[in-house]
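**Student:** Supplied in structure tokens, the structure appears directly below.
The values are calculated or read from the model by the stated rules, or taken from the named source; none is laboratory data. These numbers were taken from a predicted model, which means no experiment stands behind them. Neighbour counts run over all protein chains shown; Cβ positions are idealised from the backbone, glycine included. The area values use the complete protein model at the heavy-atom level, side chains included, leaving out ligands, DNA and RNA. Shrake-Rupley method; radii C 1.70, N 1.55, O 1.52, S 1.80 Å.
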Amino acid sequence: MTTPHPPTGAPQPAPGRWPLPPNAFKAALSRGEQLIGMWCSLADPYPAEIIAGAGFDWLLLDTEHSHADVATVLSQLQAVAPYPCSPVVRPPVNDPVVIKRLLDVGAQSLLIPQVESAEEARAAVAATRYAPLGVRGVAALTRATRFGRVKDYAELAHTELCVLVQVESRHAIEQIEAIASVDGVDGIFIGPSDLAASLGHPGDPNAPSVIAAVEEAIGRVRATDRPAGVLTTNPTFARRCIDLGTTFTAVGVDVGLLARGADALSRSFTRQIPETAAPPAANQSPEGR
């Protein structure tokens, strides 16, 4: 879903005449296409590039629950750029300075966490807009502007930026209609894990009351004509969410794939080791092998 690069030797735009990069994710979302995504919490460009070639429509580059920073995101954006998938970046907080820096290094789609009200949604949108529409600070020579080569970037940038907001508490769910009414909100994402904690089931997003709340929230988002999104690693529930109307649906987490895959591979061999095998060294517990 990225823009293909011109072939080697193709004419290049004149300096100051580069077009604004189109946001394929935003365009597909507005058309109502089903976009399947993968969560990237391994804060490094190498695993992001590996996943970028797997066939997903979008990748979530997470800086809220990882040690990634702006420099990490820059390297990840560069790593996935040649692949036909769209990066979406989650900042650690709904903060205009953090958002400004992510936009400046080239992020075009953002998932803003912990949005609790229409006021907070308006603040998120304002952080992506230059004055007089918002509060984004102006810098002319950023990666987002192709280092000053995109003509009229400051006037046009917001047309290709996608602002997704995350509702993930009992209070936020109650505010869905108000949040959806905010101009510039391009989609609403339901966060099951934090919602589970808010509903009294920390660590259990599969609790029946949480599942029911997520399903109800999806319906309410769709009733506002905004795209709805969700993350679940349960394939059955992912398909259920899609049936209910989610159009940007994340179905896995890179850390989980690595950890559970490693666990399964280890078990498939360690269970075959006979009991007469040599014991572990004195300074190594069986659990630490």
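**Student:** What is the spin-label model distance, in nm, from A259 to A223 if the labels are put 7 Å beyond Cα along the C-beta direction?
**Tutor:** Taking the simple label geometry, A259 and A223 are separated by 3.6 nm.
**Student:** Take the alpha-carbon centre of the range 183-251, take the same for the range 36-53, and report the distance between them in whole Å.
**Tutor:** Computed from Cα coordinates, the inter-centre distance equals 22 Å.
**Student:** Which three semi-axes in whole Å describe the equivalent ellipsoid of the chain, each the square root of 5 times a Cα gyration tensor eigenvalue, listed largest first?
**Tutor:** Numbers: eigenvalues 251, 139, 58 Å².
Whole-Å semi-axes of the equivalent ellipsoid: 35, 26, 17.
**Student:** How high is the relative contact order of the chain, in percent, with contacts defined as C-alpha pairs under 8 Å that are six or more residues apart?
**Tutor:** Relative contact order, the chain: 17 percent.
**Student:** For the chain, what does -39500 (n - 2.57) per DSSP helix run (n ≥ 4), summed and divided by total residues, give at 222 nm, in deg cm²/dmol to the nearest 500?
**Tutor:** Working: 12 runs with 108 residues, N = 289.
It lands at -10500 deg cm²/dmol.
**Student:** So, one more: Keeping all protein chains in place, calculate the accessible area per residue for the range 2-148 (probe 1.4 angstrom), answer in Å². Can you show the working numbers first?
**Tutor:** On the way: 6920 Å² over 147 residues.
I get 47 Å² per residue for the range 2-148.
**Student:** Mind listing the phi-derived Karplus ³J(HN,Hα) values for the range 158-173, rounded to whole Hz, using 6.51, -1.76 and 1.60 with θ = phi - 60°, and x for any glycine or proline?
**Tutor:** 5, 5, 10, 9, 10, 10, 9, 10, 9, 9, 8, 8, 4, 5, 4, 4
**Student:** Ok, one more. Taking amide H positions as placed 1.01 Å from N in the peptide plane, with prolines and chain starts having none, which residues 5 or more places from V253, or on another chain, fall under 5 Å of its amide H?
**Tutor:** Hits under the 5 Å cutoff: W39.
**Student:** OK, next. Mind pulling the angle between the C-alpha long axis of helix 235-244 and the longest principal axis of the chain? Nearest 10 degrees, somewhere in 0 to 90.
**Tutor:** Helix 235-244 sits roughly 30 degrees off the main axis of the chain.
**Student:** Separate question: For the chain, take the longest principal axis of its alpha carbons; what is the angle in degrees between that and the long axis of helix 254-270, to the nearest 10 within 0 to 90?
**Tutor:** 20
**Student:** Based on the Cβ-Cβ distance from A71 to R17, what FRET efficiency comes out when R0 is 41 Å, to the nearest 0.05? Walk me through the numbers before you get to the answer.
**Tutor:** Details: r = 29 Å, r/R0 = 0.72.
Here the calculated transfer efficiency is 0.90.
**Student:** Could I ask something else about it? Going highest first, how would you order 132-143, 45-56, 178-189, 256-267 by mean Cβ packing within 10 Å?
**Tutor:** Working: 132-143: 13.7, 45-56: 17.2, 178-189: 20.1, 256-267: 11.2.
Ranking the peptides 132-143, 45-56, 178-189, 256-267 by packing returns 178-189, 45-56, 132-143, 256-267.
**Student:** What length, rounded to one decimal in nm, is gained on full extension from Y130 through to A27, with 0.36 nm per residue of separation minus their alpha-carbon distance? Mind dumping the intermediate values first?
**Tutor:** Values: separation 103, 0.36 × 103 = 37.08 nm, distance 2.14 nm.
Full-extension gain reported as 34.9 nm.
**Student:** In debye, nearest 20: dipole of the chain around its Cα centre with unit charges on the Cβ of K, R (+) and D, E (-)?
**Tutor:** Working: 23 positive and 30 negative charges, 161 e Å.
The dipole magnitude comes to about 780 debye.
**Student:** Using only the alpha-carbon atoms, how far is helix 70-80 inclined from the longest principal axis of the chain? Give it as 0 to 90 degrees, nearest 10.
**Tutor:** Approximately 90 degrees, to the nearest ten.
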